[in-house]
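Note sheet for the following structure.
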Amino acid sequence: MWVLGLAACGGQPLVAPELMAKPRLSAAELQRMDEETLEQRRADFARQRDQAAADFRQAESQCWKQFAVNRCLDNAAQTRRALLDQLSADDRVVQDELRQRKLQRADERLQGKQEKAAQ
């Protein structure tokens with residue numbers, strides 16, 4: 001992500017880490033959701049990413065019809081990047097929650113096997 005987020009002239013991040021998108025979902029909200037809902041959220045994020053790409057392509061083609069092409073393209077790219085950053089942040093927290101649940105189930109299975117073997 002940092003490679004894409006670097007300014008061409010100086011290699012400085014376009015967005016400071018403290019300004020990067022924060023997840024919109026809290027840990028409490030995630031814990032209340034079942035796994036099917038979490039998977040649906042991930043699918044929604046994928047659809048939204050696809051829509052952002054389509055919107056960018058459409059905006060890009062409109063930019064070429066304007067006088068200030070570069071500014072228009074920069075604005076369209078910045079809008080797309082902000083949306084993709086937010087979707088990535090949201091997707092990361094959902095993935096983390098799913099990963100933690102999977103790990104917890106694996107730990108419970110292992111503990112059950114260990115108890116069974118100890119008897």
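The values are calculated or read from the model by the stated rules, or taken from the named source; none is laboratory data. Just so you know, these numbers come straight off a predicted model, no measurement behind them. A quick note on method: Cβ atoms are made from the backbone with ideal geometry, for glycine too, and the neighbour counts reach across all protein chains shown.
Determine whether Ala43 is under 12 Å from the mean Cα position of the chain (by Cα), surrounded by fewer than 11 Cβ atoms within 10 Å (Cβ to Cβ), modelled with pLDDT of 90 or more and part of a helix (DSSP H, G or I). Yes; evaluated as a whole, the condition is true for this residue.
So if I check each of Ala89, Ala106, Ala77, which one is among the aliphatic types (A, V, I, L, M), closer than 25 Å to Glu39 by Cα and either surrounded by 14 or more Cβ atoms within 10 Å (Cβ to Cβ) or touching a strand residue (DSSP E or B) at 6+ places or on another chain (Cβ under 8 Å) (or both)? Lay out the reasoning, then the answer.
Details: Ala106 fails: either surrounded by 14 or more Cβ atoms within 10 Å (Cβ to Cβ) or touching a strand residue (DSSP E or B) at 6+ places or on another chain (Cβ under 8 Å) (or both); Ala77 fails: closer than 25 Å to Glu39 by Cα.
Of the residues listed, the single one that is among the aliphatic types (A, V, I, L, M), closer than 25 Å to Glu39 by Cα and either surrounded by 14 or more Cβ atoms within 10 Å (Cβ to Cβ) or touching a strand residue (DSSP E or B) at 6+ places or on another chain (Cβ under 8 Å) (or both) is Ala89.
Leu98 meets the stated requirement of being of a type in the set (A, V, I, L, M) and either in contact (Cβ under 8 Å) with a residue 24 or more places away in the chain or touching a strand residue (DSSP E or B) at 6+ places or on another chain (Cβ under 6 Å) (or both).
Residue by residue, here is whether (1) in a helix (DSSP H, G or I); (2) at pLDDT below 90; (3) among the polar types (S, T, N, Q) holds:
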| site | (1), (2), (3) |
| --- | --- |
| Trp2 | no, yes, no |
| Glu18 | yes, yes, no |
| Lys22 | no, yes, no |
| Leu30 | yes, yes, no |
| Asp50 | yes, no, no |
| Ser61 | yes, no, yes |
| Asn70 | yes, no, yes |
| Asp85 | yes, no, no |
| Ser88 | yes, no, yes |
